[in-house]
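Read the figures in this text as sums done on the coordinates, not as results from a lab. Here the structure is a predicted model, which is why all the values come from computation and not from measurement. Neighbour counts run over all protein chains shown; Cβ positions are idealised from the backbone, glycine included.
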Amino acid sequence: MTDDRILRDVRAPRAYVRKMAMLLFMALAAGCVGKPVGVLIPSGTSPGASQVDLLVATTRAPSDQPGVLYGGERAEQLSAAEITVSIPPDAGREIGQVQWPKKLPADPSKEFSTVSVKPLQSPAQAETWLKAHLPKSRRILIFVHGFNNRYEDAVYRFAQIVHDSNTDVAPVMFTWPSRASIFDYNYDKESTNYSRDALEELLRRASQDPAIGEVTVMAHSMGSWLTVEALRQMAIRDGRVAPKIKNVILASPDLDVDVFHKQWEAMGKNKPKFTIFVSRDDRALNISRRISGNVERLGQIDPSQEPYRSALEKAGDITILDLTALKGGDQLNHGKFAESPEVVKLIGNRLIAGQTVTDSDIGIGERVGAVALGTAQTVGSAASIAVSTPILIFDPKTRENYRGQVDQFGRSLGGTISSTVGQ
């Protein structure tokens, strides 16, 4: 092979990646216009606004830029801060949306604003914060953000999720070094690898704290790789995932399905309960798949089709919520878990508590138009119901409950629905 041919072969994948990144950039550009940088300079709150207190742990290096706090480079050690975010009155905002300031300082009556930022100097100070913010449930939620996120992006998004879900938890965020550039996909991916030990350390500390009763971990996009990898490491190191880690929620996971299968196996028998949000119209994951060897991403699978439905049936402790038919709030359809009012409420009311999601959670009892998946889409104990919300639920443990509901609707509608249920 000539030197010219070798050079062309090396350049081709790079050119393809940059081309796909440019397409992603064009899709993102409209949503980035007008968003200010440095919103973490405290600008107060206003009457009627809500305040969300967050504990934020990070492997990012500090930034000298005012109001940014941490940039996209990597730090040697884990550090933490407590941050309070003001969210404008509910009457003036839509659930699922972050009202970014149009300019600084923010207008707390209409926009998200930062109330206070306090760096924490030691793990003991973080433990003190947790004890002061633990609810009666003694439950904490640890959130891990995804690709292309600034520190402040992750902080405001998590504050929105906590507020809109009205969840009964002490909110903790783990933020890893993302350069917040679509052209730095590989750097961000390596940053998740860099941060595995730190996230594992955070999860272990939380699990060993006697004041904490239960831990739920929620991750988005590339943060799902980091989360599952940290849990895998914990299982290998300790022989199991810590028992207090009861629930893991993966939203639009940018995770190779083959890799997830191996990670799942490595976690052993006593795994947490997993809930996975998928959407086949997720454009960001489509691009990720193309630049990652064209292997399906976990967040894009169709759980009603093979080989996934049989694998999910055997897994048992995985619930899939298929959001494909939900209208997304962003052009990439990558943030439905945080932007859909129905999904945000499910997260707060049921999933963080580890409860099974049933028809009543998505309003099937009020929706006469409910239909069951046909026999071609139903295998063994895995059955689902699509509603006009619309959310598809794939949970083997709730099949009998769904069958009863479908039969009831079938009788009321002359059997037209029950005839579609597979045996």
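Normalising the average separation of contacting C-alpha pairs (under 8 angstrom, six or more residues apart) by the number of residues puts the relative contact order of the range 10-355 at 16 percent. For the range 126-160, the list of trypsin sites (Lys or Arg not before Pro) that fall in a loop by DSSP and count at most 10 other C-beta atoms within 10 angstrom reads 136. Protection proxy ranking, highest mean first, for peptides 76-83, 43-50: 76-83, 43-50, where packing is the per-residue count of other beta-carbon atoms within 10 Å, averaged. For the range 10-355, the mean projected area of the C-alpha convex hull, equal to one quarter of the hull surface, is 17.0 nm². Toward the positive end of the charge dipole of the range 270-322, with +1 on the Cβ of Lys and Arg and -1 on the Cβ of Asp and Glu, the farthest Cα among 311, 321, 291 is that of 291. Here the range 180-299 is treated with +1 on each Lys and Arg Cβ and -1 on each Asp and Glu Cβ, and its dipole about the Cα centre works out to around 420 debye.
Counting other Cβ atoms within 10 Å, which trypsin sites (Lys or Arg not before Pro) in the range 58-107 have at most 10 and lie in a DSSP loop? In loop regions of the range 58-107 (DSSP not H, G, I, E or B), the sparsely surrounded trypsin sites (Lys or Arg not before Pro) are 103. Rounded, prolate or oblate for the range 219-338? Axes are the square roots of the Cα gyration tensor eigenvalues, ordered a ≥ b ≥ c, and the cut-off for rounded is a/c under 1.5. Prolate, because a/c is 1.5 or more and a/b exceeds b/c. Put a dot 7 Å past the Cα of residue 266, heading toward its Cβ, do the same for residue 74, and the two dots end up 1.7 nm apart. Just need the relative contact order of the range 97-217 here, percent rounded to a whole number, with Cα pairs under 8 Å and 6+ apart. That works out to 29 percent.
With the highest mean first, a sort of the peptides 238-244, 195-201 on other beta-carbon atoms found within 10 angstrom per residue produces 195-201, 238-244.
The packing ranking, built from the mean of other Cβ atoms within 10 Å per residue, places the peptides 209-218, 118-127, 225-234 in the order 225-234, 209-218, 118-127, highest first.
The slack in the chain from residue 122 to residue 280, taken as 0.36 nm per residue of separation less the alpha-carbon distance, amounts to 52.6 nm.
Here each label is just a point 7 Å from Cα along the line to Cβ, and for residue 314 and residue 103 those points are 6.1 nm apart. Classified by the C-alpha gyration tensor, the range 45-195 has an oblate form. Its axis ratio a/c, with a ≥ b ≥ c, is 1.5 or above, and a/b does not exceed b/c.
Separation of the range 296-335 and the range 223-289, taken as the distance between their Cα centroids, equals 13 angstrom. Distance between the modelled labels on residue 133 and residue 197, one decimal in nanometres: 2.7 nm (7 Å Cα→Cβ projection). Farthest toward the positive end of the dipole of the range 10-355, out of 89, 181, 158, is the Cα of 181, where the dipole comes from beta carbon charges about the Cα centre.
The magnitude of the dipole of the range 10-355, with charges of +1 and -1 set on the Cβ of Lys/Arg and Asp/Glu and taken from the Cα centre, is near 300 debye.
Using 0.36 nm per residue and subtracting the Cα-Cα separation, the extra length available between residue 204 and residue 50 on full extension is 52.3 nm.
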